[in-house]
Amino acid sequence: MNLSVENLKIFKLAESIKAGEVAGLKSQLKAAPPYRDSSFSKERLANCRNASVLILLFPSKEDVNEIEGVLIERSEYDGVHSKQIGFPGGERDAADVDDIETAVRECKEELGVTVGLDNVLGPLTPLYIPPSNFLVKPYVAWLSKRPLFSIDPKEVHSLLLFPVSDLYEESNWRDYTVNGLVVPGIKFGKHLVWGATAMMLREFIDTFAK
């Protein structure tokens with residue numbers, strides 16, 4: 001995959017991630033709810049559940065200079081993350097070779113999109129999510145064209161495509177009231193992204209903008 005030909009921005013992003021030059025926890029905390037702890041004990045993390053998500057990027061069909069990403073609105077179920085906006089992903093299975101395999105497997109199951117290992121640029125910073133006790137590993141992936149989606153309605157209620165350029169605008173990152181509490185986030189249309197997903201988006205765009 002010749003990233004330098006397909007998109008110079010993606011090439012630079014891949015180089016930054018490969019070198020470990022990601023924005024890190026400090027960047028994630030910019031979008032953290034004010035009641036969230038900034039760090040957690042080793043004992044707590046030792047007993048967490050492991051999960052991976054995929055920040056899937058591809059060129060926009062409408063604008064040759066735009067890059068898009070995809071979020072999902074989860075279907076309603078009896079769980080902490082019911083109806084929430086997030087990235088495709090989920091808990092690591094015993095059969096998964098590693099965390100990357102978890103991310104691409106979940107993407108295939110939820111979106112019907114096959115992502116090859118050579119399309120995965122690398123990881124951002126793992127993020128602990130206290131309500132579900134997940135330690136989530138976010139991976140960034142790039143496809144040379146927008147994929148055809150075939151969602152699993154049991155897991156995905158709807159798709160949300162977003163332009164990466166919207167993340168650049170600091171004015172788009174605002175405070176919103178959720179469940180009576182003020183939290184930072186970003187809106188795409190009527191959909192508010194906050195919490196762990198916003199924290200991972202924040203680190204992604206801060207790394208992308210390097």
The correct count of residues that are of a type in the set (G, A, S), in contact with an Asp or Glu (Cβ under 8 Å, 6 or more places away or on another chain) and not in a helix (DSSP H, G or I) in segment 7-57 is 3
Can you pull out the residues in segment 33-42 that are charged (D, E, K, R) and either closer than 19 Å to A198 by Cα or modelled with pLDDT of 85 or more (or both)?
-> R36, D37
Quick one: count up the residues across segment 46-79 that are in contact with a strand residue (DSSP E or B) (Cβ under 6 Å, 6 or more places away or on another chain), aliphatic (A, V, I, L, M) and more than 25 Å from L143 (Cβ to Cβ).
-> 0
Among the numbered criteria (1) surrounded by fewer than 16 Cβ atoms within 10 Å (Cβ to Cβ); (2) closer than 22 Å to G20 by Cα, which single criterion is violated by T102?
-> (1)
Single residue of segment 75-98 satisfying the filter (surrounded by 15 or more Cβ atoms within 10 Å (Cβ to Cβ) and either of a type in the set (S, T, N, Q) or over 14 Å from the mean Cα position of the chain (by Cα) (or both)) that is modelled with the lowest pLDDT = H81
What residue, of T207, T125, is in a helix (DSSP H, G or I), at pLDDT 95 or above, surrounded by 15 or more Cβ atoms within 10 Å (Cβ to Cβ) and of a type in the set (S, T, N, Q)?
-> T207
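The values are calculated or read from the model by the stated rules, or taken from the named source; none is laboratory data. If you're wondering where the values come from, they're calculated on a predicted model, not measured in any experiment. Positions of Cβ are backbone-derived with ideal geometry, glycine not excepted, and every protein chain shown enters the neighbour counts.
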